[in-house]
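Input: a single structure, listed below in structure tokens.
The values are calculated or read from the model by the stated rules, or taken from the named source; none is laboratory data. Here the structure is a predicted model, which is why all the values come from computation and not from measurement. Here the Cβ positions follow ideal geometry from the backbone for every residue, glycine too, while neighbour counts run over all protein chains shown.
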Amino acid sequence: MIKKYVLLAGMFFLILFVSACGGAEKAVEDSSPVNQSSNKNAETVTETEKELEPAEPVTITFYEGSSGRSKEWFMDLYGNDIEEKFPHVTTEFRYMQQVNDKMVGLAELIASGENNIDIVITSTGSIIPHLIESGLAYDHSELIAKHNYDLSKINSTPIEQLKALTNGQIVGLPITATANALVYNVDLFDQFGVEYPQDGMFWDEVYDLAVRMTRTADGRQYRGFAASHSHVALVNQLSASYVDPETKQALFATDPRWVTHSQNMKRFHDIPGNEVDASTVGAAHAQFYSEQIAAMYVNSLDATWLDPAKGVPNADAVQMPFYKELPGVGSQLYPTYFSVTSTSKKKDEAFQVIAWLTSDEYQMERAKRGFTPISTNPAVREAIGADLPYLEGKNPQAFLPQNPAAPSILTPYNAMANLEFLLKLREYMIGEIDDVNTMLRETAEIVNAKIAEMND
């Protein structure tokens, strides 16, 4: 039953991974002083390698369970870089896809006996079902010690999230960690003579901008604000959790933070001209990028989404707006994890690949190409977008929150709870449910019933 909801959530939240997972899922690193040190190390390594036998050819198989992925996506994001760095490595990529009118994913691969997966790629929303519930989770502690891997060089929050789920085990390493940001259409703001959004704004200020930017012009209805409500909920700034891990009961009706969150999102769609119905409530991404009718858009993205090729000729970004009660607190991080599987027969080779993906060498390179780094190296973090001409004069640092919110509690029920919450939130936004407390109570009732069913 859990796997059923994983599949539904993957299809339902395809946009969730256009960035993010987001997504906008890459890693990068390097800097001037770091480069000097790295060059010296590189010379040493080169001399050492001359004395070693060439590595044996090896094929490493990766799996990513979001709908909409492809071999091309993987090679562009990771595979080409891996094979260039490790000439003896050939990458294979498996992903959820439709075969003969049926979606074939991880569960089906395992059931078929074709489970030769070495590395699973997951995110905050999928790590439990795709790794833990599947039986593929493997404690990397021995590999970390064996290969002298330094955990201090990467952001510790995603590691602590993993350990909280697995009784202290480290079942993978984060490669990147995106966060929610607000992107906006510069040309639309210029057209209507409204000042641009700024870093450090509160939600009330963004609401005022949304009111001013929602208007009809040139025969088109422009929307002041749109959001990926799945991302805003999953990595919410209030650190509200879906389910209590001790009682296994939904928290929507008992945690007042969900009232705050839901009402904040709803008011934007109460603005005349910015209302949503069943056909438009989930169309935020298209409204901003392809239709170019949304002035502002919140999602878990990275700086590559300022590329004019994405659809908006002149886009820029600012930090996620803040709640007044939590000034300076951005969204939670949305990590992408690479995990060596328990069934892999190539654990050392697979871990070496993952270790390199988190290295300053790779993190710097990827950061320069606009992807959000997991590295704690300040030079790497400052390098975001350095190689992208379209980011000149733009604000790529908006995608890197300085003070992310504390992580919500993850449980095996998160995928299901997220889906049920969003379905009810949509009813609330389009006016099928009038009262926020009714919406949250109904959500909790459905989630609790599903939890009971899943545990039967």
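So which residues in region 145-161 are at pLDDT 95 or above and acidic (Asp, Glu)?
Asp150
So how many residues does region 162-185 have that are among the β-branched types (Val, Ile, Thr) and surrounded by fewer than 17 Cβ atoms within 10 Å (Cβ to Cβ)?
So the answer is 0.
Determine whether region 342-351 contains at least one residue that is modelled with pLDDT of 95 or more, among the β-branched types (Val, Ile, Thr) and out of contact with any Cys (no Cβ under 9 Å at 6 or more places or on another chain).
no
Checking Ala278 against (1) buried (at least 19 other Cβ atoms within 10 Å of the Cβ); (2) hydrophobic (A, V, I, L, M, F, W, C); (3) assigned to a loop (DSSP other than H, G, I, E, B), only one condition comes out false. Which one?
Of everything listed in (1) buried (at least 19 other Cβ atoms within 10 Å of the Cβ); (2) hydrophobic (A, V, I, L, M, F, W, C); (3) assigned to a loop (DSSP other than H, G, I, E, B), Ala278 misses just condition (1).
Residue by residue, here is whether (1) part of a strand (DSSP E or B); (2) modelled with pLDDT under 95; (3) out of contact with any strand residue (DSSP E or B) (no Cβ under 9 Å at 6 or more places or on another chain) holds:
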{"position": "Asn180", "(1), (2), (3)": "yes, no, no"}
{"position": "Asp190", "(1), (2), (3)": "no, no, yes"}
{"position": "Tyr196", "(1), (2), (3)": "no, no, no"}
{"position": "Asp204", "(1), (2), (3)": "no, no, yes"}
{"position": "Leu209", "(1), (2), (3)": "no, no, no"}
{"position": "Arg212", "(1), (2), (3)": "no, no, yes"}
{"position": "Thr216", "(1), (2), (3)": "yes, no, no"}
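What number of residues in region 129-161 are part of a helix (DSSP H, G or I), surrounded by 23 or more Cβ atoms within 10 Å (Cβ to Cβ) and among the β-branched types (Val, Ile, Thr)?
Adding up the residues that qualify gives 0.
Can you tell me which residues in region 214-254 are surrounded by 23 or more Cβ atoms within 10 Å (Cβ to Cβ), over 17 Å from the mean Cα position of the chain (by Cα) and hydrophobic (A, V, I, L, M, F, W, C)?
Phe225, Ala226, Val243, Ala250, Phe252
Return the residue satisfying two criteria in turn: it lies in region 106-120 and is β-branched (Val, Ile, Thr) and not in a strand (DSSP E or B), and of such residues it is modelled with the highest pLDDT.
Ile117
Where residues in region 85-128 are among the charged types (D, E, K, R) and more than 22 Å from Thr336 (Cβ to Cβ), which of them is surrounded by the most Cβ atoms within 10 Å (Cβ to Cβ)?
Taking the candidates together, the pick is Glu108.
Let's see how each residue does on (1) buried (at least 19 other Cβ atoms within 10 Å of the Cβ); (2) in the same structural domain as Ala226 (by TED's automatic domain parsing); (3) in a strand (DSSP E or B):
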position: Ala317; (1), (2), (3): yes, yes, yes
position: Asp348; (1), (2), (3): no, no, no
position: Val353; (1), (2), (3): yes, no, no
position: Ala367; (1), (2), (3): yes, no, no
position: Thr372; (1), (2), (3): yes, no, no
position: Gly385; (1), (2), (3): yes, no, no
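Looking at (1) closer than 19 Å to Ala227 by Cβ; (2) surrounded by fewer than 19 Cβ atoms within 10 Å (Cβ to Cβ); (3) out of contact with any His (no Cβ under 7 Å at 6 or more places or on another chain), which one does Ser262 not meet, given that it meets all the others?
Unmet for Ser262, out of (1) closer than 19 Å to Ala227 by Cβ; (2) surrounded by fewer than 19 Cβ atoms within 10 Å (Cβ to Cβ); (3) out of contact with any His (no Cβ under 7 Å at 6 or more places or on another chain): (2).
Show the residue pairs meeting these rules: Cβ distance below 6 Å; 6+ apart or different chains; first residue within region 62-84 and in a helix (DSSP H, G or I); second residue among the charged types (D, E, K, R) and crowded, with 19+ Cβ neighbours inside 10 Å.
Short answer, once both residue conditions are applied: Leu77/Lys26.
Answer with yes or no whether Asn299 is at negative phi, crowded, with 23+ Cβ neighbours inside 10 Å and not aliphatic (A, V, I, L, M).
Judged against the criteria, Asn299 is a match.
Working only within region 396-420, note down all residues that are of a type in the set (S, T, N, Q), part of a loop (DSSP other than H, G, I, E, B) and surrounded by fewer than 21 Cβ atoms within 10 Å (Cβ to Cβ).
Gln402, Asn403, Thr411
Is region 203-213 home to any residue that is surrounded by fewer than 23 Cβ atoms within 10 Å (Cβ to Cβ), within 27 Å of Phe421 (Cα to Cα) and aromatic (Phe, Trp, Tyr)?
Yes.
Does Lys85 satisfy the condition of being modelled with pLDDT of 95 or more and not assigned by TED's automatic domain parsing to the domain that holds Trp305?
Here the answer is yes, as Lys85 does meet what is asked.
Can Tyr390 be described as within 23 Å of His130 (Cβ to Cβ) and among the hydroxyl-bearing types (Ser, Thr, Tyr)?
no
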